[in-house]
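The values are calculated or read from the model by the stated rules, or taken from the named source; none is laboratory data. Quick caveat, the model's predicted, so the values are computed rather than measured. Every residue, glycine as well, gets a Cβ built from its backbone with ideal geometry; the counts of neighbours run over all protein chains shown. Accessible surface areas use protein heavy atoms only, side chains included; no ligands, DNA or RNA. Shrake-Rupley method; radii C 1.70, N 1.55, O 1.52, S 1.80 Å.
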Amino acid sequence: MDRDSSDDEEDSQTLIEQNDRKSQPLPTSSPQRRSSSTTLDIESLGGSIRRRFFRDFNKRYYYFLLVIFLPLLIVVVVFSADVRNLFSANISALRLDSVTDRMREAELQALYLLGQQQVSLFSLLNQSFPFHSNNYNSTISNSNSNSSVNYNSTFVFNNFEGESLKFKIEDLRSALLNQISLNKQIQQVLLSPHKSGSANVSSSDFDNAAGPFVGSGFGYDRCRKVQSRFLERKTIEWKPRSDKFLFAICLSGQMSNHLICLEKHMFFAALLNRVLVMPSSKFDYQYSRVLDIDHINQCLGRKVVVTFEEFAQMRKNHIHIDRFICYFSSPTHCYVDEEHIKKLKVLGISMGKLESPWKEDVKKPNKKTVEDVQTKFTSNDDVIAIGDVFFADLEKERVLQPGGPLAHKCKTLIEPSRRIILTAQRFIQTFLGKDFIALHFRRHGFLKFCNVKKQSCFYPIPQAADCIVRVVEMANAPVIYLSTDAAESETDLLQSLIVLNGKIVPLVRRPSHTSVEKWDALLSRHGIEGDSQVEAMLDKTICAMSSVFIGASGSTFTEDILRLRKDWESASLCDEYLCQGESPNYIAEDE
């Protein structure tokens, strides 16, 4: 401290002496000069004091500035380094985002191309193997008064003969379905990263990029309606003689089988120029509750179908079947057993001997032509019967055309009654809306039935749920209408597994009738609410009106829905059998 103080004093003294030497005048002895010298010394001392003050102030000022700005300088240096790191990180992130965007674009482009391939595969499948082209070849097991039917779908091309060719066709169809299934799996893999919570991809991105796979991209509707071929039909005119009748007999299976049988009877009646007589409700179902008989006559523009009651009045209650010309000869003539013959006689119907013009087995029906039928079944008798023709293989390509084989001015001849159609529409407006999927989920008695087939059609609930979710994703539908005979334990499990994008897709079933709800008031008003066949037809009608339909392979209930969808032009490209092309992932052993 003392050292510093003495140094300052020496510096100050040296400066004073130097300044004094510079400012001193020439020596003089006069008093005036001495007085002037004294004044100069005082002024010189005052200037040195000021200079010292300012010098000390400047030093402190510099220290002050250094203390203030040095931390700021450090902050600036550190911040500049962080900024450089930040920009470097942002540049790296931008580069990574650029790569990610290119990968995302490539994946979505691949999805689009796979979607195009899938459409082509479906188009090839539909052109070569129409979805509704099913062979009613079946194995029959008697139970009570009806028979259960093993309904195997097999398409047979025109002019193709031989079992070996049929197997080749089935192999080709199976191969196409496998490729479609593989295509779907690849699309799922490519789509999965884009559906994760971390990916910032909206559903509209999928629609616009994935195109055919999800919803409608590039103006493309993946589940659009099947193009109508109604005008391309090959039909025949039904112009019956008013005094010639064909007595319909249908015994195989349940209502759906009987409707198929009736449709074929109409074809036979047209070929033989006869009026068709509907079965009595005492012998068969009460068709007037579920079908509109007058609708058939209006579509043809003439009287081609009469009820049993109308026929009885025309014959003055003396009903006699002049001739039984049985289409099937085995296992029994006309596929009518003794019990049903007795029921016919109880109705006051007399008949002659049952005979067949050829050997034909219901288990192995042969393909027949129009000429075959007209040659063997043409007769001058007033009333004839040919027995149950559910299994008949007659001009399959014509029968399975949209609208059927007969020329008429309606979309279809056999359709639900007007009351059932209106009730279905009201239910859809109340619970479902325009876009919904319909699922026919048959379970009761189906496990054993399916497991005897070459490829079982009975799927475990989790596998079935996966298949359903895939269709839901394609159709982009908010709700599913469930038509089923399954137990509640099965439907509850199924509902819990129908989840898409974290949301449960509701399974809607028809509720029991209550006075509060009015959608089914029309049925109640006419006393047919609660009728099992009416409810079954109502289920069919709702399913036939859906945007997309998932059916049960091997079920004629499903096949009748498909017929209606085809005829009503409501069939979709996404329509399919449940888990179509797949085998159950677990199959129980035989008994």
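Couple of notes before you dig in:
- Test: residue in the range 579-589 that is under 28 Å from residue 407 (Cβ atoms), out of contact with any Gly (no Cβ under 6 Å at 6 or more places or on another chain) and in contact (Cβ under 8 Å) with a residue 24 or more places away in the chain: no
- Selection within the range 275-291 - surrounded by 14 or more Cβ atoms within 10 Å (Cβ to Cβ), touching a Leu at 6+ places or on another chain (Cβ under 7 Å) and either part of a helix (DSSP H, G or I) or modelled with pLDDT under 95 (or both): 280, 283
- Residues that are in contact with a strand residue (DSSP E or B) (Cβ under 7 Å, 6 or more places away or on another chain) and not in a loop (DSSP other than H, G, I, E, B), drawn from the range 292-305: 293, 296, 297, 305
- Pairing residues of the range 486-501 that are touching a residue at least 60 places away in the same chain (Cβ under 8 Å) with residues that are of a type in the set (Ser, Thr, Tyr) and assigned to a strand (DSSP E or B), at Cβ distances under 9 Å and at least 6 apart in sequence or on separate chains, gives no pairs at all.
- Qualifying residue in the range 573-585 (condition: assigned to a helix (DSSP H, G or I) and either under 19 Å from the mean Cα position of the chain (by Cα) or surrounded by fewer than 24 Cβ atoms within 10 Å (Cβ to Cβ) (or both)): no
- Complete set of residues in the range 249-269 that are more than 21 Å from residue 384 (Cα to Cα) and open to solvent by less than 20 Å² (accessible area, probe 1.4 Å): 253, 255, 256, 257
- Assessment of the range 380-402 against the conditions (polar (S, T, N, Q) and in contact (Cβ under 8 Å) with a residue 40 or more places away in the chain) yields at least one matching residue.
- Condition check for residue 529: of a type outside the set (A, V, I, L, M), at pLDDT below 95 and touching a Leu at 6+ places or on another chain (Cβ under 9 Å): yes
- First in the range 314-339 and among the aromatic types (Phe, Trp, Tyr), second anywhere and open to solvent by 10 Å² or more (accessible area, probe 1.4 Å) and not in a strand (DSSP E or B), Cβ under 6 Å, 6 or more apart: 328/335
- From the options 362, 373, 389, residue that is of a type in the set (Val, Ile, Thr) and in contact with a Lys or Arg (Cβ under 8 Å, 6 or more places away or on another chain): 389
- Within the span defined as the range 419-427, every residue fails to be in contact with a strand residue (DSSP E or B) (Cβ under 9 Å, 6 or more places away or on another chain), in contact (Cβ under 8 Å) with a residue 24 or more places away in the chain and more than 30 Å from residue 298 (Cα to Cα).
- Residues considered: 487, 475, 464, 544. Of these, the only one that is exposed (fewer than 15 other Cβ atoms within 10 Å of the Cβ) and among the hydrophobic types (A, V, I, L, M, F, W, C) is 487.
- Entry remark, the range 392-435: residues being touching a Lys or Arg at 6+ places or on another chain (Cβ under 9 Å) and of a type in the set (Asp, Glu) number 3 in total.
- Residue 272 being open to solvent by 10 Å² or more (accessible area, probe 1.4 Å), within 19 Å of residue 407 (Cβ to Cβ) and at pLDDT 95 or above: yes
- Remark: pairs (first residue in the range 525-536, among the polar types (S, T, N, Q); second residue outside any loop (DSSP other than H, G, I, E, B); Cβ separation under 7 Å; 6+ apart in sequence or on different chains) = 533/255; 533/289.
- Only residues that are part of a helix (DSSP H, G or I) and surrounded by 18 or more Cβ atoms within 10 Å (Cβ to Cβ) were counted across the range 508-534, and they come to 2.
- Of the residues making up the range 436-461, those that are part of a helix (DSSP H, G or I), open to solvent by 10 Å² or more (accessible area, probe 1.4 Å) and touching a Phe, Trp or Tyr at 6+ places or on another chain (Cβ under 7 Å) are 447, 451.
- Among residues that are touching a Leu at 6+ places or on another chain (Cβ under 6 Å) and modelled with pLDDT under 95, residue 311 is not included.
- Look at the range 356-375: where a residue is farther than 15 Å from residue 264 by Cβ and a partner is among the polar types (S, T, N, Q), sitting 6+ places away or on another chain with Cβ atoms under 6 Å, you get 356/329; 359/329; 361/330.
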